Amino acid sequence: MTNNYPECWTNSDVCLWLKDTGFRKYEESFKKHAIDGEALLMLTEKDLKEDLQISVLGDAKRLLAAITRLNRPGLPGFSDPHNSVPQAASSPSSHNNHQYKPFTLNTLSAGLPRSRSRNYSSDSQASDLPDQSRVGNLRRASGVATQLRPEYFRTAISFLYVLLVTWITAFVMVFVHDRVPDKERHPPLPDIFLDNVPHISWAFQLCEITIITLASVWFGILFFHKHRSIACRRFCALSGSVLLLRCATMFITSLSVPGSHLECAPRGHSDIWTKMSQAYLIWRGGGLSLMGVRTCGDYMFSGHTATLTLLNFFITEYTPRRVYYLHIFSWVLNMFGIFFILAAHEHYSIDVFIAFYITSRMFLYYHSLANNRALQQRDSFRTKIWFPMFSYFEAHIDGIVPNEYSNPLAAGKFIKLAKSLFVFVKSSVLIGKEKTN
């Protein structure tokens, strides 16, 4: 017998395992597609039904469950074709113990190795879960991804996406500023926080300083993160989506100004080029009052709160748990930044609440889908319909992105990047020449 590790099985070993588990009739399909142990562990229900032509739903489900048990050999039902012992040959005592032993968390942990991975620590990642030793570039029991290609082209698309959305946001802010209700006719709405907290004139500047601080920390992390292309792609995708949703909400409904200190009035009729120049000034200043940007009417919901929350969540997600002091620092800045927004009476409380809720939920939903491949495969068609951008950006990532770091200034990395860019440009030129010919 060759090897007890499923990932090292040959196609013959897989066929032997199929016989042992009662799926002998599908042996020819597995031979035809050269399914070895490594390929077996990565099969999905879609692969079984469409490629291996397993038309019986019950068989597909049972076979997928058996493959899942191979991925977790400590669980009941693990079958090893090289070391299987018939039930009749086992002793009565061991048979009884296996039959009546209750399945609890203790029995689960008893079947798994106790070693922990030190390379994959993150808030939402599996650094504190037991890990399994695997041969080759296979997915670990903790769910760490096995395919982590940079895919610079997809990252560039996500960057262009957020760039376009920021320009749309700037233009919408010009539009809603000219549509802001008159303060004399529409005074500030009742607000439980704003009515009981006095106005602090310098608080909004402090909020923007916290945004700049968190942004500096995040870009520093992104610079040294080994998988910076993936993290950057996710940051651009989520930022663009949150800002686009904000554009829709503030375009649909215009609220009165939240504070009597705000001097807001429509700028009168202007042509499209004037509006474009005003939008450019907002876009260039990043919507920050520290950069000379002053707008009104963009209240539902708070863009400053969304930015603070998104930066905080990305910092805590893509740094190890052991740097808890950084996580505490990030959360403190997030909460203080939100307080400064309210203390400055620049937004209603509901603006801030909705911004925090929507931004945090979108971040968590996105990463839950990205980190759990089973959620994507359960209904891949619906995922593509409702989350087309997610399906494109995360198509080749099959698990959690580990928090590993590297020095991007190393000479070898520069050479590798230059070669990749050269190949990309060369292929683009060749494709252009073929089209012209």
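The values are calculated or read from the model by the stated rules, or taken from the named source; none is laboratory data. These figures come from a predicted structure and were not determined experimentally. As a convention, Cβ positions derive from the backbone with ideal geometry for all residues, glycine included, and neighbour counts pool all protein chains shown. These accessible areas exclude ligands, DNA and RNA; they are computed on the full protein's heavy atoms, side chains included. Shrake-Rupley method; radii C 1.70, N 1.55, O 1.52, S 1.80 Å.
Can you send over the carbon and sulfur percentage of the accessible area for segment 139-218, probe radius 1.4 Å, protein chains only?
Values: 2970 of 4360 Å².
About 68 percent, which is the carbon plus sulfur part of the accessible surface.
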Counting only residues 5 or more apart in sequence or on a different chain, those whose built amide H sits under 5 Å from that of VAL144 are ILE400
Given 325-334, 184-193, the highest-first ranking by average Cβ count within 10 Å works out to 325-334, 184-193
Long-range alpha-carbon pairs in segment 304-365, meaning those over 19 Å apart, account in percent for 31
Between GLN53 and SER289, the two model label points (7 Å from Cα along the beta-carbon direction) sit apart by a distance in nm of 7.0
Rounded to the nearest 10 Å², the accessible area of GLU151 using a 1.4 Å probe with every protein chain kept is 30
Applied in sequence order to segment 328-344, the curve 6.51 cos²θ - 1.76 cosθ + 1.60 (Karplus, θ = phi - 60°) yields integer Hz couplings, x standing for Gly and Pro, of 5, 4, 5, 5, 4, 5, 4, 5, 5, x, 5, 4, 5, 4, 5, 5, 7
Quick calc, SER12 & ALA248: beta-carbon distance into FRET formula, R0 60 Å, rounding 0.05, result 0.55
Expressed in nanometres to one decimal, the distance between label points 7 Å along Cα→Cβ at GLU27 and TYR392 is 4.7
Heavy-atom accessible area of LYS275, protein chains in place, probe 1.4 angstrom, given in Å² to nearest 10, is 40
Binned at 5 Å starting from 0, the alpha-carbon pair-distance distribution of segment 206-343 in whole percents comes out as 2, 9, 15, 20, 21, 14, 9, 6, 3, 1, 0, 0
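Which sequence of PHE353, PHE30, PHE387, PHE340 reflects their accessible areas, 1.4 Å probe, from the largest down?
Values: PHE353 130, PHE30 0, PHE387 100, PHE340 35 Å².
Largest accessible area first, the residues go PHE353, PHE387, PHE340, PHE30.
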Taking a probe of 1.4 Å and leaving out DNA, RNA and ligands, segment 1-72 shows per residue an accessible area in Å² of 55
For TYR325 and TYR152, extending 7 Å from Cα along the Cα-Cβ vector and measuring point to point gives, in nm, a value of 3.7
